[in-house]
1. Just a yes or no: is a residue in segment 31-41 among the hydrophobic types (A, V, I, L, M, F, W, C) and under 30 Å from residue 130 (Cβ atoms)?
2. What's the number of the condition residue 122 fails, among (1) assigned to a loop (DSSP other than H, G, I, E, B); (2) touching a residue at least 60 places away in the same chain (Cβ under 8 Å)?
3. Take residue 70 and tell me if it is modelled with pLDDT under 90 and more than 14 Å from the chain's Cα centre (by Cα).
4. Of all residues being of a type in the set (S, T, N, Q) and modelled with pLDDT of 90 or more in segment 126-168, which is surrounded by the most Cβ atoms within 10 Å (Cβ to Cβ)? Just the residue, please.
5. Where the second residue is open to solvent by less than 70 Å² (accessible area, probe 1.4 Å) and at pLDDT below 80 and the first is of a type in the set (D, E, K, R) and lies in segment 72-90, which pairs have Cβ atoms under 8 Å and are six or more apart or on separate chains?
6. Do we find that residue 220 is under 21 Å from the mean Cα position of the chain (by Cα), among the aliphatic types (A, V, I, L, M), farther than 12 Å from residue 90 by Cα and modelled with pLDDT under 80 in this structure?
7. Determine whether segment 139-146 contains at least one residue that is over 12 Å from the mean Cα position of the chain (by Cα), closer than 30 Å to residue 57 by Cα and outside any loop (DSSP other than H, G, I, E, B).
8. Sort out for me the helices (runs of 4 or more DSSP H) sitting completely within segment 1-109 that have 3 or more residues that are open to solvent by less than 50 Å² (accessible area, probe 1.4 Å) and farther than 30 Å from residue 219 by Cα.
Amino acid sequence: MTNEERKAALEAIIYAADEPATIEQLTATLGDEKLAVQASLDELVASYAADERGIEIRAVAGGYKMYTKPQHHDAVRRFIKSLRPPLRLTMPALETLAVIAYKQPVTAPEISEIRGVNTSGVISTLLDKRLITTAGRKEVMGRPILYKSSKEFLMRFGLSDLDELPSLKEFEALAREALGSDEGVAASEDYSSSVEPGGELAPEQPGDGDTHASVGEAMAHVEQGLVEAETLREEEVAATNEGMPSGIRDEDPASPDVKAAAAGE
């Protein structure tokens, strides 16, 4: 086998392999000397490193595998997005998605408290679209389901991980890009919001109440809800701690008297 034939065979094997192909596997497959295979492989890797190539062969996990070059990732990402059907969300669904993304893991009652409406229908929509997923149950009375953003969410919004999650203002721009500007957001085609006369949350029904004219308004509503929820939480903690003896508050160490009382002495 000539050097050119060997390089062509290596190229075909690495292209077809699902996992990184090791030098041992390549040598055994070609039935050639390891040094000769390694020399041909080094030449092949060098040829792919040329600037005019969009693919490179990397040494990873003890083997060799083909990857697209980093400078072409934006173009590849746009192509991959074009293969998926267009994503359309209602404004309530976009609000709920933002609350989950920035407060995850979070329960449905917590989302409803922030948005001011019953969000069970919207959560079902987001689950169907695979933008969110469950994250176990919260260890409180009733053990409600926790929700978090999914891998599909990261792919749709072009994020590597949650550490790249931007501010809500920047998320507004990402939402426009991921949904195709405001055209990808229907004001209320699935759900909107209402509050019953007694003050209890009512299920969102088509055509009622809480809709927004733009993604910007929806994000402003979410930001206000998150701030109010955090303020309320801090007030509840302060009210709970007020007047409580040392050792009862979470931040104070228990005194000997409190420890003895707790032990029944």
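1. no
2. So residue 122 meets the others, but not (1).
3. yes
4. 149
5. Partner pairs satisfying both residue conditions: 77/158; 81/156; 88/179; 88/184; 88/185; 88/186.
6. Yes.
7. Scanning segment 139-146, I find no residue that is over 12 Å from the mean Cα position of the chain (by Cα), closer than 30 Å to residue 57 by Cα and outside any loop (DSSP other than H, G, I, E, B), so the answer is no.
8. 3-16, 23-30, 34-48
The values are calculated or read from the model by the stated rules, or taken from the named source; none is laboratory data. Treat the numbers as computed from the prediction; the structure is a model and nothing was measured. All Cβ positions, even for glycine, are placed from backbone atoms using ideal geometry, and neighbour counts span all protein chains on display. Remember, those area values only see protein heavy atoms, side chains included, never the ligands or the DNA or RNA. Shrake-Rupley method; radii C 1.70, N 1.55, O 1.52, S 1.80 Å.
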